[in-house]
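Novice: Input: one structure, supplied below.
The values are calculated or read from the model by the stated rules, or taken from the named source; none is laboratory data. In this text, all values refer to a predicted model and were calculated from it rather than measured experimentally. Here the Cβ is made from the backbone with ideal geometry for all residues, glycine too, and neighbour counts use every protein chain on show. Keep in mind that these areas ignore ligands, DNA and RNA; they rest on the heavy atoms of the full protein, side chains included. Shrake-Rupley method; radii C 1.70, N 1.55, O 1.52, S 1.80 Å.
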Amino acid sequence: MMSSAPFSAAEIASEGIKPAEYEEICRRLGRHPNKAELGMFGVMWSEHCCYKNSRSLLKNFPTTGKRVLVGPGENAGVVDLGDGIRLAFKIESHNHPSAVEPFQGAATGVGGILRDIFTMGARPIAVLNSLRFGSLDDAKTRRLFSGVVSGISHYGNCVGVPTVGGEVYFDRAYSGNPLVNAMALGLMETPEIVKSGAKGIGNPVLYVGSTTGRDGMGGASFASAELSAESIDDRPAVQVGDPFLEKSLIEACLEAFKTGAVVAAQDMGAAGLTCSTAEMAAKGGVGILLDLDKIPARETGMVPYEYLLSESQERMLFVAEKGREQELIDIFHRWELQAVVAGEVIAESIVRIMFKGEIAAELPATALSDDTPIYEHKLLETPPEYAQKAWAWKPESLPKASYAGIDGLSWNQVLLKLLDTPTIASKRWVYRQYDHQVQNNTVIFPGGADAAVIRVRALASATEKATFDHPATLRGVAATTDCNPRYVYLNPLEGAKMAVAEAARNLSCVGAEPIAVTDNLNFGSPEKPIGYWQLANACTGISMACREFDTPVTGGNVSLYNETLDDEGNPTPIYPTPVIGMVGMVEDVSKTVGQGFKSVGDRIYLLGLPSGTHSSAISFGGSEYLMAIQNLVAGQPPVVNFEVERSVQSACREGIRRGWIKSAHDSAEGGLATAIAESCIGGNLGATVELISAENCLDYALFAEGGARIVASVAPENQQAWETYLNGSLKGHWECIGTVEGNALTIAVQNQSVITVTVAEMTESWGEAIDRRMAV
């Protein structure tokens, strides 16, 4: 019979371990763990590391495709762009650290995602981010917002990787728990993709990069718990980054990988040394012996528990070919980085940690990495009460609309109010802090289009010297992050499908073919019936949509327990937010378009469901209009029609490829009128538009969302060829709605003008909305 536990129930719980999990640990070991081992299980069995509540859902994602070279399970996914170009990409969250220490939380989120990219042997070429905050009317939100943006800009600007795009939403659902998701892209520079599975018994294990301190202690467990008023005391669980050291680490690692002497590599992110040793051993089917006395420390008196759980940044673990370790050490020393042989690969599949000549921890590698607890939760048989109540809402309950306006507001006022909404408004306050031109490959600047476009420069062949004017390839990559969290809150299945559809639509609006996805699942507690219902249905929606668009999932991140505890301990979860990071292939970067109208006289087209359509695919449910005018989140979100989406997106890409389309912008938050207004603002040109609608449905025609819609402009000389093409490929799903002209947007319905607003007025409302609020 086993002796009583050497830890109190509180000590076990403080490591994030449930009583039943502790019993399972003892059963597997045949003994009680020591303090260091308990901590190792705590971080590795956290949701952040082992996905114990979500793994059964993630296995349903499509993960293979004709362009997928590396799928889930490695540090990042890799896809083939053609011409010998391979793209690594991944998205990850740093939500909880950013809520406690916004600057360092966000900065180290960028640092971590960049390490995932260059650990594969790829040079980082771009960063995007997907951010969620509470209302900017709240001083705390303004502080968090400012700190996060400063942290992202500091790290990205200093490390020399452009921040080229992303999204920012504001909603009170995120007041206590902001979301900070960072996505990075990189081009493979090594002939072989560097994997993380250790191999070669007797091969040395190298620790490289920065020193190890006490910062970031237990960050993985911290990221897997609810936030409370006491979370500020968890500042030590927030890592501290050094972007200049990471820049040296990028160069040293890529140089080391090119020698062929690196057998495997793993960055030290969540759970630090514990995670890197366990995952490398488990993936390779071998064991790792690590001596903590060899680890370069920046603080004195550290004990095994601290070494193993530290999340000090800018550190890596390598397995090297035996006999070539000094070759690698010399490279890192030349870059003024730490590099030591700290252990070796062993045959027995265990992680054995030595400290002061004694065994400090010894655990089965798979118990920490692969063979972790998996929890199956029961799915609600009927939708929860909040959803059923929201679905019962009907548009007929809205105030009566007329040509003059609605509820005492003119349509001009409604449009300007929507443009002033921070979620819709210009994000210039954010991206002007980012260096988006470093590396000189950014084709479309932030705010200029629905997706970022980056030139990819393949290595020139021996017979052809590439120059800036004559590159080895004209290929580019487009990237976007998307998710409307209100849609997912109201209907997780449809909302998640729409997130994928909108990401694909945004890529199509710049002329890119969607090819693959990385996802970041930000949810509340899966242990609660509503939380699991949201998570499970959203995963189903993502899986369905990715199959429909042939965009396999190559990896991602799960961030659960995004809840804020009040003083009484009552949790308030965020809106379920499954962020979709999608990449697309651009055959020729000279044939891409932005969202702003280009020339007076160009014809304006609506691709998708025409303006007079009434359909479940076009809805007020979860719309910005409903929130801005009625302060209401209700209804069913738009239903995705995959056939129409694919046809519309294909037509848009073809129109751009043939040079017909001069601008393209998807109709999303704020509906059709808002999309047209944004195209006017983007080109500093007015437009005259005619829509179809009954008088009592004016608001539906102007501001309802969905419909697989894209607003595109075409030069008059190409009108006939373009419309001939549309009649053959998109019959019934297109409409010529107006002309680019003047200095104002005029929208008429049934020949009666309902909106006339100057471009200057729209630009002021839209362009200064966030600046005004941050100046308070």
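Novice: With no solvent and one equal point scatterer placed on each C-alpha of the range 70-145, evaluate the Debye formula and give log10 I(q)/I(0) for q = 0.28 Å⁻¹, two decimals.
Specialist: -1.30
Novice: Which one, 282, 328, 309, is farthest towards the positive end of the dipole of the range 282-328 when Lys and Arg carry +1 and Asp and Glu -1 on their Cβ?
Specialist: Of 282, 328, 309, it is 282.
Novice: Take the alpha-carbon positions of the range 1-41, form their convex hull, and give its projected area averaged over all directions (one quarter of the hull surface) in nm².
Specialist: Details: hull surface 10.3 nm².
Taking the Cα atoms of the range 1-41, their convex hull projects to 2.6 nm² on average.
Novice: Another question, then. State in Å² the accessible area per residue of the range 12-119; use a 1.4 Å probe, count heavy atoms of protein chains only, and round to the nearest integer. Before the final figure, lay out the partial values.
Specialist: Numbers: 3280 Å² over 108 residues.
Spelled out: the 1.4 Å probe surface of the range 12-119, per residue, equals 30 Å².
Novice: Could you work out the pair-distance distribution P(r) of the range 72-226 from its alpha-carbon pairs, with 5 angstrom bin width and percents rounded to whole numbers?
Specialist: Reading the bins upward from 0: 2, 9, 16, 18, 18, 15, 10, 6, 4, 1, 1, 0.
Novice: To continue, here is another question. Using DSSP to call loops (not H, G, I, E or B), can you name the trypsin sites (Lys or Arg not before Pro) in the range 645-724 whose Cβ has at most 13 other Cβ atoms within 10 angstrom?
Specialist: Sites meeting the loop and neighbour criteria: 658.
Novice: For a quick check: with amide H placed at 1.01 Å from N, whose amide H comes under 5 Å from residue 451's, ignoring anything fewer than 5 positions away on the same chain?
Specialist: Answer set, sorted by chain and number: none.
Novice: Just one of [x] 26.5, 88; [y] 28.2, 91; [z] 47.0, 132 is Rg and Dmax of the Cα atoms in Å calculated from these coordinates, so which is it?
Specialist: Correct label, based on the coordinates given: [x].
Novice: Oh, and also: What are the extents of the Cα atoms of the range 1-155 along their three principal axes, in Å, largest first?
Specialist: Here the spans come out as 63, 48, 26 Å, largest first.
Novice: What number results when the radius of gyration of the range 630-684, computed over Cα atoms, is divided by 2.2 N^0.38 Å? Walk me through the numbers on the way to the answer.
Specialist: Details: Rg = 14.4 Å, N = 55, 2.2 N^0.38 = 10.1 Å.
Its radius of gyration relative to the 2.2 N^0.38 Å reference: 1.43.
Novice: Find out how many positive minus negative residues lie around residue 587, taking Lys and Arg as positive, Asp and Glu as negative, among other residues whose Cβ is under 13 Å from that of residue 587. Intermediate results must be reported in sequence, preceding the final value.
Specialist: Numbers: positive: 455, 475, 591, 653, 657, 658; negative: 83, 513, 588, 654.
For residues surrounding residue 587, the net value is +2.
Novice: Place +1 on the Cβ of every Lys and Arg and -1 on the Cβ of every Asp and Glu in the chain, take the dipole about the Cα centre, and give the residue among 437, 343, 107 whose Cα lies farthest towards its positive end.
Specialist: 437
Novice: Which one of 677, 453, 162 has its Cα pushed farthest toward the positive end of the charge dipole of the chain, where Lys and Arg give +1 and Asp and Glu give -1 at the Cβ?
Specialist: Positive-end residue among those listed: 453.
Novice: Using a cut-off of 13 Å between beta-carbons, work out the net charge of the residues near residue 312 (Lys and Arg +1, Asp and Glu -1, residue 312 not included). Walk me through the numbers before you get to the answer.
Specialist: On the way: positive: 115, 214, 298, 315; negative: 215, 242, 246, 267, 299, 306, 311, 314.
Net charge around residue 312: -4.
Novice: Calculate the length of the line joining the C-alpha centroid of the range 171-217 to that of the range 15-51, in whole Å.
Specialist: 23 Å
Novice: Next question. Any chance you could tell me what percent of the C-alpha pair distances in the range 353-403 go past 15 Å?
Specialist: Details: 963 of 1275 pairs.
That fraction is 76 percent.
Novice: What is the spread of the Cα atoms of the range 34-118 along each of their three principal axes, largest first, in whole Å?
Specialist: Cα spread of the range 34-118 along its principal axes, largest to smallest: 50, 33, 22 Å.
Novice: Here's something else I'd like to know. Add -39500 (n - 2.57) for each DSSP H run of 4 or more in the chain, then divide by its residues: what number comes out at 222 nm, to the nearest 500 deg cm²/dmol? Let's see the in-between values first.
Specialist: On the way: 27 runs with 264 residues, N = 776.
-10000 deg cm²/dmol, from helical runs alone.
Novice: What is the local net charge at residue 504, summed over the other residues whose Cβ is closer than 12 Å to its Cβ (Lys, Arg +1; Asp, Glu -1)?
Specialist: Working: positive: 497, 505, 646, 653; negative: 450, 482, 502, 513, 548, 550, 645, 666.
Residues close to residue 504 contribute a combined charge of -4.
Novice: Computed on alpha carbon atoms, what radius of gyration and Dmax characterise the range 702-756, expressed in Å?
Specialist: When restricted to the Cα atoms of the range 702-756, Rg and Dmax are 13.3, 35 Å.
Novice: Taking a probe of 1.4 angstrom, what is the accessible area of residue 333 in Å², to the nearest 10?
Specialist: Accessible surface of residue 333 is approximately 100 Å².
Novice: Per 10 Å bin, what is the whole-percent P(r) computed from every C-alpha pair distance within the range 676-776?
Specialist: 13, 37, 35, 12, 3, 0
Novice: Out of the DSSP beta bridges found with both residues in the chain, what percent are antiparallel (nearest 5)? Mind showing how you got there, number by number?
Specialist: On the way: 104 of 129 bridges.
Close to 80 percent.
Novice: Got a number for carbon plus sulfur as a percent of the chain's accessible area, 1.4 Å probe? Display every interim value, and only then the final one.
Specialist: Working: 13500 of 27040 Å².
Solvent-exposed carbon and sulfur of the chain make up 50 percent of the total.
Novice: Using a 1.4 angstrom probe, figure out how much accessible area the range 580-733 has per residue, in square angstrom, rounded to the nearest whole.
Specialist: Numbers: 4780 Å² over 154 residues.
I get 31 Å² per residue for the range 580-733.
Novice: Ratio to report: Rg/Rh of the range 150-223, with Cα atoms as the point set and Rh obtained by the Kirkwood method; give two decimals.
Specialist: Details: Rg = 18.3 Å, Rh = 17.5 Å.
Rounded to two decimals, Rg/Rh equals 1.05.
Novice: Could you do me a favour and compute the accessible area per residue for the range 285-414, 1.4 Å probe, result in Å²? Please report the intermediate quantities before stating the final value.
Specialist: On the way: 6460 Å² over 130 residues.
Averaged over the residues of the range 285-414, the accessible area is 50 Å².
Novice: Also, quick follow-up: If you project the alpha carbons of the range 598-706 onto the principal axes, what extent comes out on each, in Å, largest first?
Specialist: Ordered largest first, the range 598-706 gives principal extents of 41, 32, 23 Å.
Novice: Whats the longest run of the chain with zero GluC sites (Glu not before Pro) that are DSSP loop and have at most 11 other Cβ atoms within 10 Å? If you can, show how the numbers build up before the last one.
Specialist: Values: sites that count: 192, 336, 376, 381, 464, 568.
No qualifying site falls inside 569-776, the longest such stretch.
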